[in-house]
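Working notes, structure below.
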Amino acid sequence: MSRKGKRKDKKNTPASRWRAILGKPWIFAGAAFGLDLAMLAAGLALSVVKLPVEYTASGDSIERSQPLAFFGVTAAVVIALVCVLVGFIAAGAVLKKRKAVRLAGAAGLLIVSLAMVGGSAFMALGPGVKSRQSVSYSDESRRMIVEETQNSLGGCTAAFFLTGTDKTGEAKLVAETGLREYCTGDLEDRYAVSWLDETTLQIGFEDGTTYRTLSFEVE
C-alpha cells in the first residue's frame with residue numbers, strides 16, 4: 001500500500017504535471033497560431049481604418065505623430081510570446097521520442113509566426129521610409145513645404161503642406177501624389193509654386209519625361 005501511495009504521489013507532483021503538459025505540443029502551437037491570427041486581423045483592420053495624423057513644421061521638414069506606434073510594440077511583444085511558446089514545444093521534444101520531427105515542427109511554426117506577425121505589421125504600418133527630403137517656398141504670410149519620400153519598396157510620393165512663415169508650427173497636408181521617380185538633384189529646382197488667385201495654389205514639376213501641374217484650393 002505504501003509503495004502504491006508513493007507512486008501515486010510521484011505522478012501528481014508539479015514536475016510530473018509540467019512534463020505531461022510539455023508532452024502536448026498542440027497546446028502551445030494552438031496558442032501561438034491564435035496570436036498570429038489575432039495580429040493578422042488587427043493589421044487588416046488598421047490598414048482599412050486610417051487614424052488621423054498630426055503634422056508639424058520643423059524648419060523645412062515635417063514631423064508626424066505616430067498613432068500606430070503601439071502596434072509595433074504589440075508586434076514585438078507577440079513575437080516574444082511566440083518564441084516562448086515555441087521554446088516550450090522544443091523542450092517537450094527533448095523529453096519525448098521523435099525529437100527531430102518535433103524540433104522541425106517548432107522551427108516551422110516559428111518561421112510561419114514571424115511571417116504572419118511581420119505581415120500584420122506591414123499591413124498596418126506600410127513600407128518603411130528609405131529616403132526623404134523636403135524644401136519650402138514662402139510668401140509674406142504662408143509657406144509651402146514640399147516633401148518627397150521613397151519607401152523601402154521603391155515607390156515614391158510627393159506631399160504638399162501649408163503652414164505659417166514661422167520655422168515651427170502646425171502644418172496642413174493639402175495634397176499628395178505618386179511620383180515616377182525620386183529627385184536626385186536639387187529639389188528646389190524641381191518645383192514651381194505660384195498662386196493663381198487668393199485661394200488657388202498651383203504647383204508644376206517634372207516627373208520623368210512629363211511635366212505635371214497640380215492646383216487646389218486653400219483656406
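If you go through segment 196-214 one residue at a time, how many are within 14 Å of residue 142 (Cβ to Cβ) and in contact with a Phe, Trp or Tyr (Cβ under 7 Å, 6 or more places away or on another chain)?
Looking only at that region, the number is 2.
Inside segment 112-141, can you point out the residues that are polar (S, T, N, Q) and touching a helix residue (DSSP H, G or I) at 6+ places or on another chain (Cβ under 7 Å)?
Quick first cut of segment 112-141, residues polar (S, T, N, Q) only: 113, 120, 131, 133-134, 136, 138, 141.
Once the filter is applied, which keeps residues that are polar (S, T, N, Q) and touching a helix residue (DSSP H, G or I) at 6+ places or on another chain (Cβ under 7 Å), segment 112-141 yields 113, 120, 133.
So which residues in segment 131-173 are closer than 18 Å to residue 202 by Cα and of a type in the set (Lys, Arg)?
142, 143, 172
List every residue pair whose Cβ atoms sit under 9 Å apart, with the two residues 6 or more apart in sequence or on different chains, where the first one lies in segment 62-73 and is closer than 12 Å to residue 51 by Cβ and the second, anywhere, is assigned to a helix (DSSP H, G or I) and of a type in the set (Ser, Thr, Tyr).
71/120
For residue 136, state whether it is polar (S, T, N, Q) and either assigned to a helix (DSSP H, G or I) or over 28 Å from residue 68 (Cα atoms) (or both).
Numbers: polar (S, T, N, Q): yes; either assigned to a helix (DSSP H, G or I) or over 28 Å from residue 68 (Cα atoms) (or both): no.
No, not satisfied.
Given the residues 149, 177, which is the only one that is in contact with a Cys (Cβ under 9 Å, 6 or more places away or on another chain) and either among the aliphatic types (A, V, I, L, M) or at pLDDT 90 or above (or both)?
Values: 177 fails: in contact with a Cys (Cβ under 9 Å, 6 or more places away or on another chain).
Matching residue, one of 149, 177: 149.
If we keep just the residues of segment 77-103 that are among the hydrophobic types (A, V, I, L, M, F, W, C) and out of contact with any helix residue (DSSP H, G or I) (no Cβ under 9 Å at 6 or more places or on another chain), which is farthest from residue 185 (Cα to Cα)?
Taking segment 77-103 as the starting set, the residues that turn out to be among the hydrophobic types (A, V, I, L, M, F, W, C) are 77-86, 88-91, 93-95, 100-101, 103.
Pick out the ones that are also out of contact with any helix residue (DSSP H, G or I) (no Cβ under 9 Å at 6 or more places or on another chain) and you get 77, 80.
Numbers: 77: 42, 80: 43 Å.
Among residues in segment 77-103 that are among the hydrophobic types (A, V, I, L, M, F, W, C) and out of contact with any helix residue (DSSP H, G or I) (no Cβ under 9 Å at 6 or more places or on another chain), the one farthest from residue 185 (Cα to Cα) is 80.
Out of (1) assigned by TED's automatic domain parsing to the domain that holds residue 39; (2) loosely packed, with under 13 Cβ neighbours inside 10 Å, the odd one out for residue 210 is which?
In the conditions (1) assigned by TED's automatic domain parsing to the domain that holds residue 39; (2) loosely packed, with under 13 Cβ neighbours inside 10 Å, residue 210 misses (1) alone.
I need every pair where a residue in segment 81-105 that is not assigned by TED's automatic domain parsing to the domain that holds residue 38 has its Cβ under 8 Å from the Cβ of a residue that is of a type in the set (Phe, Trp, Tyr) and at pLDDT 85 or above, sequence separation at least 6 or different chains.
Note: no pairs meet the criteria.
If I filter segment 165-195 down to residues being assigned to a helix (DSSP H, G or I) and touching a residue at least 12 places away in the same chain (Cβ under 8 Å), which single residue comes out as nearest to residue 137 (Cα to Cα)?
Let us first name the residues in segment 165-195 that are assigned to a helix (DSSP H, G or I), namely 187-190.
Remaining after also requiring touching a residue at least 12 places away in the same chain (Cβ under 8 Å): 187-188, 190.
Details: 187: 11, 188: 9, 190: 12 Å.
Ranking the candidates gives 188 first.
The values are calculated or read from the model by the stated rules, or taken from the named source; none is laboratory data. Everything numeric here is computed off the predicted structure, so don't read it as measured data. Quick reminder, even Gly has a Cβ in these numbers, built from the backbone with ideal geometry, and neighbours come from all protein chains shown.
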